Amino acid sequence: MNPEQLSSALADLDAQGLRRRRRVLDTPQGARVRVDGREYLSFSSNDYLGLANHGSIAQAMREALDRVGAGAGAAHLLTGHHRLHHELEAELAAFVGLPAALLFSTGYMASLGVVPALLDRHGEVFEDRLNHASLVDAAVLSRAKLTRYPHGDLVALERQLAASQARVKLIATDTVFSMDGDLAPVADLLALSQRYDAWLYLDDAHGFGVLGEEGRGVLSHFPLPSRSLSDLRLIYLATLGKAAGVAGAFVAGSADLIEWLVNRARTYIYTTAQPPLLAAGVAASLKLIAGEPWRRRRLAELVARLQAGVAGLPWRLMPSDTPIQPLVVGGNAEALGLAEGLKKRGILIPAIRPPTVPRDTARLRISLSAAHEPGDVDCLLEALRELARG
């Protein structure tokens, strides 16, 4: 695309209401933020447990900074794999109940490393139609055949698995779908993966810290077979920049799986390790996630308060028991207009439009946090009622 074509394409994005622009955050992440110089009540982050600005996490990172410095300085397979990384990987594996874990810089990089390490052009990846872009891109990068099934349609998925002649099969799914807030049927997917000798790759980016006993994620949330998870072809991914409040991601599974990824996941091998101080921050975060269940209780209370309060409004909340509460508006211009109306009232919520969501389902993605108070939800509901009255 030449410069003239770029300018024309950007103008087309403007005309369709699809151009994205960055906002500049001037404060720590939280329920109240200053963005582009103005104060807002924010329902815009993935900081579900309110840990991104927690004092004990920051203190752990400050202490690590004094001990180990700012940067890792090298890739993990050179001299960048610090003891803090090593110890955190063991903690993360134990936290989700799997034998071993491997840190990645981001969830996106994790998926781009894992899938091509396990499949090539002789394999086939089966993905839910609403999967995150990182899972789709990982399948494309692997050169395996990519087969997508309608959202949550396990009948269609089983039909596709039964017809596949691939040497290696992998089912990949979000556990909590990031724009809808609903859950994948993990137990049923696990049963299908066993029946058809396929890997099951669970992207628990929005479930880790929120779902399950002590926030241990989707593997704890669902009743899964008594057979040891380590004996299954299971790959578990979670990110550490959402509910955990820090940064990065990890993949957990069998010891052999993790050893293979150390040797074959290109996004692990060919990048500088994350600063060790981030590992110290995550270790502190794990203690808070497990030890402060009130954060998840508050989230459940806020979800119920919001869902009860939208009755009678012209827009509908999609069914979700998670902190992700999508308010479907419809058209792009209408969603942008509603978001702008809230912004003028000091409330920040992003308007999500295609291609992130299907056409004519533009929505406001309301993200709740344990940092919110019940009065914050009431404030949002009153603003929505004002806008509905015109």
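The values are calculated or read from the model by the stated rules, or taken from the named source; none is laboratory data. Worth saying up front: this structure is predicted, and the values here are computed from it rather than measured. Heads up, the Cβs are rebuilt from the backbone with ideal geometry, glycines too, and the neighbour counts pull from every protein chain shown.
Every residue, every condition in (1) in contact (Cβ under 8 Å) with a residue 12 or more places away in the chain; (2) of a type in the set (A, V, I, L, M); (3) buried (at least 22 other Cβ atoms within 10 Å of the Cβ); (4) in contact with a Leu (Cβ under 6 Å, 6 or more places away or on another chain), yes or no:
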position	(1), (2), (3), (4)
Arg67	no, no, no, no
Ala74	yes, yes, no, no
His81	yes, no, no, no
His86	no, no, no, no
Phe104	yes, no, yes, no
Val115	yes, yes, yes, no
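Entry remark, segment 24-48: residues being touching a residue at least 24 places away in the same chain (Cβ under 8 Å), part of a loop (DSSP other than H, G, I, E, B) and not aromatic (Phe, Trp, Tyr) number 8 in total.
Inspect segment 177-187 for any residue being within 12 Å of Phe126 (Cα to Cα) and in contact with a strand residue (DSSP E or B) (Cβ under 9 Å, 6 or more places away or on another chain) and give the result as yes or no. Within segment 177-187, not a single residue is within 12 Å of Phe126 (Cα to Cα) and in contact with a strand residue (DSSP E or B) (Cβ under 9 Å, 6 or more places away or on another chain). When Leu18, Leu51 are screened for being at pLDDT below 95 and either surrounded by 11 or more Cβ atoms within 10 Å (Cβ to Cβ) or on the phi > 0 side of the Ramachandran plot (or both), only Leu18 passes. Within segment 182-208, restricting attention to residues that are outside any helix (DSSP H, G or I) and of a type in the set (Gly, Ala, Ser), the residue that is surrounded by the fewest Cβ atoms within 10 Å (Cβ to Cβ) is Ala198.
Restricting segment 223-253 to residues that are in a loop (DSSP other than H, G, I, E, B) and at pLDDT below 95, the residue that is surrounded by the fewest Cβ atoms within 10 Å (Cβ to Cβ) is Ser226. Checking the stated criteria, Gly107 turns out to be under 21 Å from the mean Cα position of the chain (by Cα) and within 30 Å of His85 (Cβ to Cβ). Here Asp12 does not qualify as in the same structural domain as Pro275 (by TED's automatic domain parsing), free of Cβ contacts under 8 Å to residues at least 60 places away in the same chain and assigned to a helix (DSSP H, G or I). If you go through segment 128-146 and keep only what is among the hydrophobic types (A, V, I, L, M, F, W, C), farther than 13 Å from Thr356 by Cβ and touching a residue at least 24 places away in the same chain (Cβ under 8 Å), you end up with Leu135, Ala138, Ala139, Leu141, Ala144. Quick check on segment 281-289. Is at least one of its residues under 25 Å from Arg32 (Cα atoms), touching a strand residue (DSSP E or B) at 6+ places or on another chain (Cβ under 8 Å) and either of a type in the set (Phe, Trp, Tyr) or at pLDDT 95 or above (or both)? Among the residues of segment 281-289, not one is under 25 Å from Arg32 (Cα atoms), touching a strand residue (DSSP E or B) at 6+ places or on another chain (Cβ under 8 Å) and either of a type in the set (Phe, Trp, Tyr) or at pLDDT 95 or above (or both), which makes the answer no.
Considering each residue of segment 246-254 in turn, none proves to be in contact (Cβ under 8 Å) with a residue 24 or more places away in the chain, of a type in the set (A, V, I, L, M) and not assigned by TED's automatic domain parsing to the domain that holds Glu89. The set of residues from segment 304-327 being within 15 Å of Leu183 (Cα to Cα) and either buried (at least 18 other Cβ atoms within 10 Å of the Cβ) or assigned by TED's automatic domain parsing to the domain that holds Gly181 (or both) comprises Ser320, Thr322, Pro323, Ile324, Gln325, Pro326. Being in contact (Cβ under 8 Å) with a residue 40 or more places away in the chain and in contact with a Leu (Cβ under 6 Å, 6 or more places away or on another chain) holds for only one residue in Val262, Val282, and it is Val282.
Of everything in segment 130-181, what is acidic (Asp, Glu) and surrounded by 18 or more Cβ atoms within 10 Å (Cβ to Cβ)? Give them in sequence order. Hits for segment 130-181 are Asp174, Asp180. Checking each residue of segment 138-154 against the condition of being acidic (Asp, Glu), over 20 Å from the mean Cα position of the chain (by Cα) and not assigned by TED's automatic domain parsing to the domain that holds Leu364 gives at least one match.
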